[in-house]
Structure formats: structure tokens, C-alpha cells
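Participant: One structure is given below, represented as C-alpha cells, and several questions about it will come after.
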Amino acid sequence: MALEHIFLHIGLCTAVARADSDATIAMHVQMAYQQGGDEIDKVVKFRRGYDSQTVVEFDVPRNTYLLTLDVPKYKCSMSDFIDVLSDLNRTITETLADAPPGPPAPVVIMDGSAPMSFLYVKPTFAIFGKGLACNQPITTPLTTNVSVEYDQSAYYASLYLDPTLDPATPLVVALKLRTPTGLAHYVHVPIPYPVPWGGWPFTVHFPVSEDMIDGVATEKTDTLLCLKLWESSSH
């Protein structure tokens, strides 16, 4: 099985940051599968030093994981859901929390390969109310918590749980791409949303190519575009 290399940059919590520079910090690292069991379950040790973060490296196969970091001596921890793509190394940045963190709740993780030009169109995701149809002018987007990062020729987006949304009312998800003039193209992503939170995120693979970005440039702005070349898969 092919393995992808992970560079995990960890921001130190206040308690660890106050430790002596010669102190050895023991941190429990877990990468757990949804089906149960761990790909990684080990204690790593690092010297406190003078930096505000430390770096841990390891190899894992392509999958979606629950990453958990715990420093029991200093009562610091964090957890997050991580998707690892095939044939792509990944840099991940996380920060240890002094207080027990709440459960991570990205109800949807969306990612895929993407060229560097993907950054120039400032990608993000917008959510619209029920009834918005293909090739129709967009309506006012709903307020949602979405994070998007780009790393190693791929993007990774997380759509977080919004308790104000009714899970029984289907909404429309669109990839928003900015134009040089400040307008935007909206590409429909055909996935169910919102997704009821069942303890694990719904994962969508949505690759983007240079040709796809170039093709969108000639389409109407501020319109819901349902393009045949843009396809997704989910699990």
C-alpha cells in the first residue's frame, strides 16, 4: 500500500510554551480510522527549545482520519479530522489547546487535486437556500463556517456544523471562484447538504484542473453553473 508523507506542524499550548527550553515533551499522537483501530498510535518526544511550534513527520496511506494529540503532563490536547489524498504529501498545521477542546465537527470534508492557478481565483464555498436552479442568478448566500487551504497541488476544505440549519431542508453547495474584476463564478457541487452529524464527516472528492478553471472564465458570473466536466465522488 502506498504511503503519503505528513509534515505535522504543531503550535504549542501556553503550558508547554512556558516549559524550560531543555524540557523533553512527551506527546501522544493518534491517527484513527472511522472503522476502528489506529494507523498511528505512539508517543513522540521533542525538546521544548525556543520555537513556538514543533514538527512531527510520519507516513500514512490515503484515508480519512481522526487526528488526536495529547500532552498529559501539561494538560494540552487537540483533535481534528484529516483527509489524506493518494500520491500527495501533506503539510498540516494544528495548535494544542490548554483547555479541553470541543469535538471537531466538519460535517463535510471536500478536497482534490488542483493547479497553482486555483489560488488566484480565491476559492471558497457558498451555501444557498433551497430552490436555486442551474443557470439561474444566485440568491443571497447563507452564513456558514467554511475553511479552505491549499497544499502540495491539492486543496482541502471543511464545511462545519451549523446548528441553525434544518437538516431536513436540502440546500445548494457551490464552489465560488473570484474573477480579476471582483465578480465571481459559482460552480454547483452536487452533494447533499446539510448532512446530519453522525460523529464522522461526509467526504467529497472534487478534483480541479487547469482546463476546468480556464473554461469557467468564459461562463456567466453570479449564476449557478452546472458544468458537466465538474464531477465529484463521495463516501
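Participant: Looking only at the range 191-203, decide whether some residue is within 20 Å of the chain's Cα centre (by Cα) and over 26 Å from Q34 (Cβ atoms).
Facilitator: No, that holds for no residue.
Participant: To continue, here is another question. Say whether the condition of being assigned to a strand (DSSP E or B), closer than 24 Å to A114 by Cβ and not aromatic (F, W, Y) is met by at least one residue in the range 69-80.
Facilitator: Within the range 69-80, one or more residues are assigned to a strand (DSSP E or B), closer than 24 Å to A114 by Cβ and not aromatic (F, W, Y).
Participant: Do the conditions hold for P100, that is, is it outside the structural domain of T218 (by TED's automatic domain parsing) and at negative phi?
Facilitator: So P100 passes the test.
Participant: Further question: Of all residues in the range 125-146 being among the polar types (S, T, N, Q) and modelled with pLDDT under 90, which is farthest from P170 (Cα to Cα)?
Facilitator: Among them, the one singled out is N145.
Participant: Of a type in the set (D, E), within 28 Å of D83 (Cβ to Cβ) and touching a residue at least 40 places away in the same chain (Cβ under 8 Å): is that true of E4 in this structure?
Facilitator: yes
Participant: What about D162, is it acidic (D, E), more than 16 Å from V107 (Cα to Cα) and touching a Leu at 6+ places or on another chain (Cβ under 9 Å)?
Facilitator: So D162 does not fit the description; no.
Participant: From the set of residues in the range 31-52 that are surrounded by 14 or more Cβ atoms within 10 Å (Cβ to Cβ) and either in contact (Cβ under 8 Å) with a residue 40 or more places away in the chain or not assigned by TED's automatic domain parsing to the domain that holds M78 (or both), which is farthest from F202 (Cα to Cα)?
Facilitator: M31
Participant: Looking for something touching a His at 6+ places or on another chain (Cβ under 6 Å) and more than 16 Å from H5 (Cα to Cα) - is there at least one such residue anywhere in the range 46-63?
Facilitator: Yes, the range 46-63 has at least one match.
Participant: Can you tell me which condition D22 does not meet? The list is (1) surrounded by fewer than 17 Cβ atoms within 10 Å (Cβ to Cβ); (2) within 19 Å of the chain's Cα centre (by Cα); (3) not in a strand (DSSP E or B), and all the others hold.
Facilitator: Against the list (1) surrounded by fewer than 17 Cβ atoms within 10 Å (Cβ to Cβ); (2) within 19 Å of the chain's Cα centre (by Cα); (3) not in a strand (DSSP E or B), D22 comes up short only on (2).
Participant: How many residues does the range 8-63 hold that are under 30 Å from G112 (Cα atoms) and among the small types (G, A, S)?
Facilitator: Residues in the range 8-63 being under 30 Å from G112 (Cα atoms) and among the small types (G, A, S): 4 in total.
The values are calculated or read from the model by the stated rules, or taken from the named source; none is laboratory data. Being a predicted model, the structure only gives us computed values, none of them experimental. Methodologically, a virtual Cβ is constructed for each residue, glycine included, from the backbone with ideal geometry; neighbour enumeration extends over all protein chains shown.
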